[in-house]
Amino acid sequence: MSYFENIKKLQLKENPIIMGIETSCDETAVAIIKDGREILSEEIISSATEHARFGGVVPEIASRTHTTAILTATERALKSANLMLDDIDAFAVTEGAGLLGALLVGVSFAKALAFSTGKPLIPVSHIRGHIAASYLADKTLEPPFITILASGGHTAIVAVDDYYNLSVLGSTIDDAVGEAFDKVARVLGLNYPGGPNVERLAKDGKNVVSLPKMLKNYDGGEYDFSYSGLKTAVINFVHNEESKGNEVNKADVACSFQCSAVDVLVNKAVKACKEYGYNTITVSGGVGANGYLRETLKNRAEKEKINLVIPEKKYCTDNGAMIGAEGYLQYKKRNFADLDLNAKAVVPLNFRRR
C-alpha cells in the first residue's frame with residue numbers, strides 16, 4: 001500500500017501536534033504547535049544580514065541558507081519542545097507563494113519527514129498562514145472577523161466568515177503596501193529591509209509632504225487599494241527637490257508616505273466592519289509589524305468599540321508557528337498531500353470576491 005493510501009485511512013488525533021515549516025523567503029522557520037493554538041517551540045534562522053549587502057533578497061543565497069539551516073532549526077525545535085520526531089502527528093509546510101528555490105527546500109524536507117514517519121503532509125498557503133497567526137495571538141478568537149492583509153506581495157481587506165471560507169472585499173490593483181515601502185526606502189537611500197527602516201526614519205519626521213489620495217475617481221470597488229501612484233509621487237517629489245538643489249527632509253517624506261500608506265488600510269477596515277456587521281479586526285502579514293499601523297488601528301478600534309487582534313511582531317513576519325496553526329485547520333479537514341507535492345512561486349488568493 002502506498003504512502004498516500006495509508007495516510008487517507010489514518011485516524012485523526014483529537015489534539016494533534018503539528019510541525020510547521022516555512023522557507024518562502026529569507027527565514028528558515030520551524031515551529032511545533034499543539035491543538036492549533038499552543039506554541040510548544042519555535043526556531044527561526046534568518047539570512048537577512050547577508051541579503052542586506054545586496055539591497056534585497058538574493059534567491060540563490062536564500063535557497064543555500066535554507067539547505068544548511070533547516071535541519072538545525074528542526075532539531076532545535078524538537079529539543080526545545082522536549083519531543084521526538086515520532087511525536088509529531090503531521091508536517092505542515094508552505095507550498096507557496098514565495099521564492100521557488102527557497103520553497104523547494106522546505107517542501108522537499110517536509111516530504112522526507114512525512115514519508116519516513118508515515119505521518120500526513122499538509123500543504124499550506126503562505127497567505128492563509130499569515131491570517132492564522134491571529135489564532136495564536138488570541139486563543140479565544142473565532143470567525144467571523146475582518147482581517148487587514150498587508151504584506152510585500154498582497155494587500156487586501158478580507159472577511160473571514162469561518163475557518164475555511166474567506167472573501168475579499170477589496171485588494172490592491174497594482175503594488176502591494178509592503179512593496180511600496182521597499183521602493184520608497186530605496187529612493188530615500190535606506191538599507192534592506194525597507195519597511196522597518198522607513199518606519200524608523202518616519203519617527204523623526206512630520207506629515208507635511210502633500211501626497212495624492214488613492215484611487216481618486218476610481219470606478220472599481222470601494223475597498224480596493226493602489227500604491228503605485230503613491231510610490232511614484234514620493235519618487236517624483238524627491239527627484240524634483242534634488243534637481244532644484246533643495247535639501248530633502250527624508251524623515252518628513254518617510255512620515256508623510258507612511259501616513260498615506262497606512263491610514264487608508266485602517267479606514268477601510270473600520271468601514272468594512274461597520275458596513276458588514278463585524279466587530280473584530282485582525283492584522284495579517286509583515287506590514288502588521290509596523291508600529292504606526294498598530295498604534296493607529298488600536299486608537300481607531302478603541303474609538304469605534306471594535307475588538308482588535310494583532311499578533312506579536314515576530315508572528316506578523318514569516319514564521320513557522322503560523323504555518324503550524326493553519327496546518328492544524330487543514331489537518332481537521334484532512335487536506336493532505338501526496339509525495340508529488342510541488343512548490344509554487346505564485347499562489348493566488350483564491351478567495352471569493354464579495
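Dividing the mean sequence gap of close Cα pairs (under 8 Å, 6+ apart) by how many residues the range 14-68 holds gives a relative contact order of 29 percent.
Please list, by residue number, every one of the trypsin sites (Lys or Arg not before Pro) in the range 91-186 that is coil in DSSP and has at most 11 other beta-carbon atoms within 10 Å. Display every interim value, and only then the final one.
Numbers: sites: 111, 128, 139, 183, 186; in loops: 139.
Those satisfying the criteria are 139.
Contact order for the range 45-204, expressed relative to its length and based on alpha carbon pairs under 8 Å spaced 6+ residues apart, stands at 16 percent. The phi-based Karplus calculation (6.51 cos²θ - 1.76 cosθ + 1.60; θ = phi - 60°) puts the 3J(HN,Hα) values of the range 283-291 at 10, 10, x, x, 5, x, 7, 5, x Hz, whole numbers, x for Gly and Pro. Counting only Cα atoms, the range 84-167 measures 40, 30, 20 Å along its principal axes, largest extent leading.
Kindly provide log₁₀ I(q)/I(0) values, in the same order as q = 0.10, 0.13, 0.20 Å⁻¹, from the Debye equation applied to equal alpha-carbon scatterers of the range 208-349. Result of the Debye calculation: -0.52, -0.81, -1.29.
Couplings 3J(HN,Hα) for the range 327-343, derived from phi with the Karplus relation 6.51 cos²θ - 1.76 cosθ + 1.60 (θ = phi - 60°), are x, 4, 4, 5, 4, 5, 8, 6, 7, 9, 10, 8, 6, 8, 3, 10, 6 Hz, where x marks Gly and Pro.
Once you reduce the range 94-165 and the range 13-34 to the center of their Cα atoms, the two points are 10 Å from each other. Here the range 1-150 has 53 percent of its accessible surface on carbon and sulfur atoms, given a 1.4 Å probe and all protein chains in place. Heavy atoms of the protein chains alone define the surface here; on that basis the chain has 44 Å² accessible area per residue at 1.4 Å probe size. The packing ranking of peptides 208-215, 175-182, 158-165, highest mean first, is 175-182, 158-165, 208-215, where packing means the average number of other beta carbon atoms within 10 angstrom of each residue.
Just the number, please: carbon plus sulfur as a percent of the accessible area of the range 264-354, 1.4 Å probe, no ligands or DNA/RNA counted. Mind showing how you got there, number by number?
Working: 2000 of 4210 Å².
Ligands and nucleic acids excluded, carbon and sulfur reach 47 percent.
Of the solvent-accessible surface of the range 177-223, computed with a 1.4 Å probe and all protein chains present, 45% belongs to carbon and sulfur. Computed over the Cα atoms of the chain, the ratio of the radius of gyration to the Kirkwood radius (Rg/Rh) comes to 0.99. Taking every Cα-Cα distance in the range 27-94 and sorting them into 5 Å bins from zero, the calculated P(r) comes out as 3, 17, 24, 21, 14, 10, 8, 3, 0 percent. Mean separation of Cα pairs under 8 Å and 6 or more residues apart, divided by the residue count, gives the chain a relative contact order of 25 percent.
The values are calculated or read from the model by the stated rules, or taken from the named source; none is laboratory data. The structure presented is a predicted model; accordingly, all values stated were derived computationally and were not measured. Heads up, the Cβs are rebuilt from the backbone with ideal geometry, glycines too, and the neighbour counts pull from every protein chain shown. Ligands, DNA and RNA are excluded from the accessible area calculation, which covers all protein heavy atoms including side chains. Shrake-Rupley method; radii C 1.70, N 1.55, O 1.52, S 1.80 Å.
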